[in-house]
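Note sheet for the following structure.
The values are calculated or read from the model by the stated rules, or taken from the named source; none is laboratory data. All figures in this text were calculated on a predicted structure; none of them were measured in a lab. Cβ: placed from backbone, ideal geometry, glycine included. Neighbour counts: every protein chain shown. Side chains included, ligands, DNA and RNA excluded: accessible areas come from the protein's heavy atoms. Shrake-Rupley method; radii C 1.70, N 1.55, O 1.52, S 1.80 Å.
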Amino acid sequence: MHALSALTVLGIETSCDETAAAVVRLDGDAVEVRSSVVASQIDAHRPYGGVVPEVAARAHVEIIDDIIEQALREAGIGMGDLDGVAATAGPGLVGGVMVGLSAGKAIALARGLPLVAVNHLEGHAVSVRLAQPAPYPFLLLLVSGGHCQLLAVDGIGACTRLGSTIDDAAGEAFDKIAASLGLPYPGGPALEQLARAGKPDRYVLPRMLLGRKDCDFSFSGLKTAAARLAEKTESEQDRADLALSVQTAIADQLAERSGRAMALYAQGRGGEGRLFVVAGGVAANGAVRAALERTAAVHGFAFAAPPLKYCTDNAAMIALAGAERLAAGLTDPLDAPARPRWPLDAEAARLNPLHMPGRKGAKA
Ligand code: KG4
Ligand code: ZN
């Protein structure tokens with residue numbers, strides 16, 4: 001029985017602009033990251049000011065084999081030591097997803113190993129467990145360039161969506177507003193840097209959805225308002241002041257909506273699972289982290305965030321999600337499809353479709 005012994009799993013991640021492979025060993029609740037290799041394509045996309053799907057897919061094809069080999073080498077193992085292969089099957093840029101998923105399928109087929117087709121969001125959901133014990137259940141804010149949602153995580157394969165963005169993801173808002181301030185891609189870290197010199201409360205920006213009873217997010221009004229103000233800025237000080245106002249507005253919204261989710265999540269659970277986790281690239285932002293930490297304390301939740309290298313896209317989180325699924329007997333057939341959109345909580349997506357098929361918007 002798999003569940004009784006340690007599992008060594010290769011993880012593969014190619015859903016956006018990182019080509020990544022990792023080896024993770026799961027022994028009961030003990031997690032060991034044996035290797036985690038991430039090759040970023042940022043330089044290839046920078047001239048275009050954002051991720052170009054075709055450029056991304058080609059870049060994944062060129063290096064995926066080397067990255068997998070490197071992950072195995074750094075882990076000090078061969079393919080024969082693996083108990084399974086986990087690859088991101090969506091949501092994401094489908095050309096890239098197909099590259100990693102096909103590589104995973106090829107290894108699974110050639111080696112007779114079980115395949116786990118991992119939802120990228122489930123990878124982010126378990127990422128905190130790569131570096132510290134984080135027992136289920138917990139409340140998760142997943143906040144990155146592609147995603148912005150609040151999830152009750154009761155276990156592997158058991159996530160319930162409490163809220164989601166109705167337009168842009170928070171990282172996307174950071175990136176687009178940063179671009180309107182003339183900052184290079186990716187804009188989030190550059191905007192945070194600029195905001196350091198800013199004076200607070202110079203610019204009034206819309207605070208969207210505050211006080212609403214649900215746990216949804218919206219950033220498009222803020223984006224439009226900030227872009228208009230950015231056009232009028234004259235000095236470096238103006239731009240720094242605007243950057244700080246934008247960062248504060250985003251942090252406030254994330255904290256207020258998360259506070260709302262904490263109250264809902266806590267209902268009926270008593271004191272159980274009062275852990276609030278933030279994951280995804282935007283968790284790198286100091287102001288966002290501080291605002292969320294304060295909110296967690298107010299609601300009586302412990303606060304945890306994965307180390308930065310596991311906040312942004314990586315394959316260790318995919319390997320861990322794969323290992324946990326494998327331990328639970330959840331594997332996938334070799335014809336598992338690559339899925340551009342794939343809500344983690346299919347039931348919530350069906351009952352409350354924030355995005356109709358084919359519409360532009362958040363991907364999950
Ligand atoms: O998780 P991630 O690497 O990729 C996605 O799955 O999207 O997140 C990348 C996003 C980008 O939008 C980037 O601008 C944002 O995270 N980000 C930040 C910071 N560092 C990364 N946003 C604000 N402040 C930061 N320090
Ligand atoms: Zn991601």
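Could you state the accessible area per residue of the chain in Å², with a 1.4 Å probe and every protein chain left in place?
That works out to 41 Å² for each residue.
With a 1.4 Å probe and all protein chains kept in place, how do Ile107, Ile42, Ile318 rank by accessible area, largest first?
Numbers: Ile107 20, Ile42 40, Ile318 0 Å².
Result, largest first: Ile42, Ile107, Ile318.
Taking just the C-alpha trace of segment 138-305, give me its Rg and Dmax in Å.
15.9, 53
Within the chain, how many Lys pairs that are eight or more residues apart, or on different chains, come under 25 Å at the alpha-carbon?
Within the chain, the lysine pair count is 15.
How much accessible surface does His299 have with a 1.4 Å probe, in Å² rounded to 10?
For His299, solvent-accessible area is about 60 Å².
Based on the mean of other Cβ atoms within 10 Å per residue, sort peptides 232-240, 324-332 so the most packed one is first.
So the order, starting with the most tightly packed, is 324-332, 232-240.
Helix-derived [θ] at 222 nm for the chain: sum -39500 (n - 2.57) over DSSP H runs of at least 4, divide by residue count, nearest 500?
Helix-only estimate at 222 nm: -13000 deg cm²/dmol.
Would you kindly calculate the translational diffusion coefficient of the chain, applying Stokes-Einstein with the Kirkwood radius from alpha carbon pairs, for 10 °C and a viscosity of 1.306 mPa s, and quote it in µm² s⁻¹ without decimals?
Reported coefficient: 77 µm²/s.
What is the packing order of peptides 245-252, 187-194, 275-282, taking the mean over residues of other C-beta atoms within 10 Å and listing the highest first?
With the highest mean Cβ count within 10 Å placed first, the list reads 275-282, 245-252, 187-194.
Averaging sequence separations of C-alpha pairs under 8 Å and six or more residues apart, then dividing by the length of segment 199-331, give the relative contact order as a whole percent.
Dividing the mean separation by the residue count of segment 199-331 yields 22 percent.
How many angstrom lie between the C-alpha centres of segment 259-277 and segment 293-316?
Taking the Cα centre of each part, segment 259-277 and segment 293-316 sit 15 Å apart.
Nothing charged except the Cβ atoms of Lys and Arg (+1) and of Asp and Glu (-1): what's the magnitude of the dipole of segment 138-305 about its Cα centre? Round to the nearest 20 debye.
Taking the Cα centre of segment 138-305 as origin, the dipole is about 320 debye.
Radius of gyration and Dmax for segment 1-118's Cα atoms, expressed in Å?
So, for segment 1-118, Rg and Dmax equal 14.5, 51 Å respectively.
Percent antiparallel among DSSP beta bridges with both residues in the chain, to the nearest 5?
Expressed as a percentage, antiparallel bridges in the chain total about 65.
Determine the share of segment 138-305's accessible area contributed by carbon and sulfur atoms, expressed in whole percent, with a 1.4 angstrom probe.
That share works out to 53 percent.
Which Rg and Dmax, in Å, describe the Cα atoms of segment 150-217?
15.8, 45
Based on the mean of other beta carbon atoms within 10 Å per residue, what is the order of 305-311, 131-137, 145-151, most packed first?
Answer by packing, highest mean first, reads 145-151, 305-311, 131-137.
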